[in-house]
Amino acid sequence: MITLQLSRRRFLFLTGKIILLLGLGGFFPRLAAAANFSLPIEALRQLITSDPRTSRTIMWQSKTPLEDCRLQYQADGAPSQSLPVAMESLTEDRVTNYYYTVYLQSLTPGTAYHYRIWQGNVATPWQEFITAPAEITDFSALIFCDSQCGQTYAGWGENFCTAWQRHPEAHFFTINGDIVDNGQQEWQWQNFFAAVADELPGHLFVPVMGNHECYSLIWKFCRPRRYELSYNLPANGTPELQNYYYSYDYGPVHFIVLNTQMLELQDLHPDLLEKQKAWLRQDVKDHPARWRVVLMHKDVLAYDEYQQGSRTMMSLSDVGYAFMPLFDKLNIDLVLTGHMHTYRNRGHIYQLEPADKGPVYIMSGPMGNQQYNVPADKNFDKSAIYQPTPNNYLLLTASQEKLTVTCYTIAGEHVETTEIVHT
């Protein structure tokens, strides 16, 4: 059986070479398609880098190891280049997955690049990405939260496509945590990626870890190995916390992705909060920008979720107490969160109280099929969506002059628009 498969590949390769030499490629579309689709690649994706103008991370995975694997890429009219592929594997939930990463650097800003993956003499179809322009004066991005689902991820896939059809101009998207419902379950990751497989390669992805990425098959806290291996993200200087938190620049905005899983990861990383706060202080100092936007999963308010630190179920959350005083000192402009599966706009909060200055705090979601009724916080909530919350998302628009955050339901309702202007 193995000999037959190798012979077929060799036949396709040699026949393809003859076709190209004779200039008869147009007469053999079926053969070309057969050669293109013979690699067992899943979940092809492009990930954010610290500077998306000149670099890009390409990842994919498979259920079988791909030996002699490499990535070929080129800009229009330029010679192609080939890079080797880094591979890691993980066996969980009785399945082994192989994760592949290529980091592309020294790219030209504002340029379309084509790439494909080779194993031996067999290649995938060409894919494309476009680097960010050298000067980004304004842009928009899609902010999703809580794509986690039960039973089926079909709804998540439909929601994802609907948002992109409505806002094709968006430069990238984020999922603000709880990407899947159970971080160790093969079915969850397989179906999450499968639901957006056709669309995912064409959109730049900014992942954020949530608490559900840190759950084991028996719903205990665990190391989020699937998340760690699924997303190779900008370095934060602490190898044991790589992919947990990071930052990147996009035009006038410095984005800071934080990790709010201090509770779930306390046995593995008891110093997560302190290391993260030290990094955050230095990161802001190293990256002056017109705007500073934080993306993180858990919200700064507790609503009806019990907080171990404050031992309450309302008002500020443990995450709020942990980060909000530092956000005040670092002049953070906007904090976008998820976790509670609803939309709430709290406006400015400063020194742990509603104010007319300080960061603006907005929570949104969900994008999956886990929907809740969430009580109001009469002290902090400036506005809220009706309950139970329909699927919703944010469109973030940024320029030198202002940040604009608009909430839409997947059904197309305009919920609210918030503008932030420097005084």
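The values are calculated or read from the model by the stated rules, or taken from the named source; none is laboratory data. For clarity, every value in this text was computed on a predicted model and none was experimentally measured. Using ideal geometry, Cβ is built from the backbone for each residue, glycine included, and neighbour counts are taken over all protein chains shown. Calculation scope for accessible area: heavy atoms of the full protein, side chains included, ligands and nucleic acids excluded. Shrake-Rupley method; radii C 1.70, N 1.55, O 1.52, S 1.80 Å.
Assorted remarks:
- When residues of the stretch 148-207 are limited to those that are among the polar types (S, T, N, Q) and closer than 25 Å to residue 294 by Cβ, the one nearest to the chain's Cα centre (by Cα): 174
- Considering the stretch 61-164, the qualifying strands (runs of 3 or more DSSP E), each wholly inside and each with 2 or more residues that are touching a Lys or Arg at 6+ places or on another chain (Cβ under 8 Å) and open to solvent by less than 50 Å² (accessible area, probe 1.4 Å), run over 69-75, 86-92, 95-104, 112-119.
- A search for C-beta distances below 8 Å between a residue of the stretch 198-212 that is farther than 17 Å from residue 44 by Cβ and any residue that is in a helix (DSSP H, G or I) and not hydrophobic (A, V, I, L, M, F, W, C), counting only pairs 6+ apart in sequence or on different chains, returns 209/227.
Yes or no, residue by residue, for (1) over 28 Å from residue 419 (Cβ atoms); (2) touching a helix residue (DSSP H, G or I) at 6+ places or on another chain (Cβ under 6 Å); (3) in the same structural domain as residue 98 (by the TED database); (4) aromatic (Phe, Trp, Tyr):
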residue	(1), (2), (3), (4)
212	yes, no, no, no
247	no, yes, no, no
303	no, no, no, yes
310	yes, no, no, no
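- Residues that are within 25 Å of the chain's Cα centre (by Cα), over 23 Å from residue 137 (Cα atoms) and open to solvent by 20 Å² or more (accessible area, probe 1.4 Å) are absent from the stretch 347-368 altogether.
- Those residues of the stretch 317-330 which are without any contact (Cβ under 8 Å) to a residue 40 or more places away in the chain and open to solvent by 10 Å² or more (accessible area, probe 1.4 Å), in sequence order: 321, 325, 328, 329
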